[in-house]
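What follows is a single structure, written as structure tokens, with notes after it.
The values are calculated or read from the model by the stated rules, or taken from the named source; none is laboratory data. Please read all numbers here as calculations on a predicted model, not as lab measurements. Cβ placement follows ideal geometry from the backbone for every residue including glycine, while neighbour counts extend to all protein chains displayed.
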Amino acid sequence: MAESVGAGVDLYWLPLGAGGRSVRLNGRIFEALAALVAGRDRFDLYHSALEVRVPEARFVIEMAPVWSGDRTERGVVAEGAVGAQTVGRFRLFRYEVRRWRDGVIPDIDEAVDSPRCLSNDLDYARHLLELVPEVPTPVWGRDELDAGEMWNSNSLISWLILRSGLDVESIHTPLGGRAPGWSAGIAIARRQQTEQRV
């Protein structure tokens, strides 16, 4: 594989709840309880997103709450329930997976240690874009797939990185931070790879 001018895969680390008091507060409460149960120090929580560039366009890939309006305009390729399948029929309790052409990453100005270039290889960039509609869509915030951790936006990103062939092991959160759900995406992607080899 060779580098291509205009191609790239960049990772962004966004503080959980950047730009919004409610999500930030809930995240702090969640982390305080998780730290208490685990008997460890508290960490800053991060949400991840990708920007993928190919010569013909730039795409933003992330998981976010379902918005009203045109799904195709923001590149929605999949949806899933939040919290429980039973409430997933209501828009308030659904998430969407976006492969958004010329899209935006909300609160990108608050990103930390970002962007992190994962690759400038056109083949990797194209392969990653092709994989987005194939991502699993279990219930957000639950461990329905027995990955050992809840599924969320970080799971989506780590799943895509590993399945596209990029080096997920070299990626770390900013100092003093953690990304809940990251290991779930890795575990599920590895399990799928193993099943495909059998």
- [ ] Just name the residue that is surrounded by the fewest Cβ atoms within 10 Å (Cβ to Cβ) out of those in the stretch 104-119 that are in contact (Cβ under 8 Å) with a residue 12 or more places away in the chain and outside any strand (DSSP E or B).
- [x] Val104
Open item on the list: Condition first: surrounded by 13 or more Cβ atoms within 10 Å (Cβ to Cβ), of a type in the set (Gly, Ala, Ser) and either more than 13 Å from Asn152 (Cα to Cα) or modelled with pLDDT under 90 (or both). Now tell me which residues in the stretch 65-82 satisfy that.
Closed with: Gly75, Ala78
- [ ] Could you tell me which numbered condition Ser48 fails, if it satisfies all but one of (1) at pLDDT 95 or above; (2) not in a strand (DSSP E or B)?
- [x] (2)
Task: Residue list for the stretch 113-125, filter: touching an Asp or Glu at 6+ places or on another chain (Cβ under 8 Å) and of a type outside the set (Gly, Ala, Ser) - done: Pro115, Arg116, Cys117, Leu118, Asn120, Asp121, Leu122
Task: Residue match in the stretch 24-45 (condition: assigned to a strand (DSSP E or B) and either farther than 28 Å from Cys117 by Cα or at pLDDT 70 or above (or both)) - done: yes
- [ ] Have a look at Leu166, Leu175 and point out the one that is surrounded by 15 or more Cβ atoms within 10 Å (Cβ to Cβ), part of a loop (DSSP other than H, G, I, E, B) and over 14 Å from the mean Cα position of the chain (by Cα).
- [x] Leu166
Open item on the list: I'd like to check something: does the stretch 123-137 contain any residue that is crowded, with 17+ Cβ neighbours inside 10 Å, more than 14 Å from the chain's Cα centre (by Cα) and under 16 Å from Ala49 (Cα atoms)?
Closed with: yes
Open item on the list: Given the criterion assigned to a loop (DSSP other than H, G, I, E, B), surrounded by 17 or more Cβ atoms within 10 Å (Cβ to Cβ), in contact with a Lys or Arg (Cβ under 9 Å, 6 or more places away or on another chain) and modelled with pLDDT of 95 or more, identify the matching residue among Ala147, Ala189.
Closed with: Ala147
Task: Filter pass, Gln196 being over 15 Å from Asp10 (Cβ atoms), touching a residue at least 24 places away in the same chain (Cβ under 8 Å) and not in a loop (DSSP other than H, G, I, E, B) - done: no
Open item on the list: For a quick check of your reading of the model, give me the residue pairs whose first member lies in the stretch 77-103 and is farther than 17 Å from Gly141 by Cβ, whose second is in a helix (DSSP H, G or I) and of a type in the set (A, V, I, L, M, F, W, C), with beta-carbon atoms closer than 7 Å and at least 6 apart or on different chains.
Closed with: Val77/Val132; Arg99/Leu129; Arg99/Val132
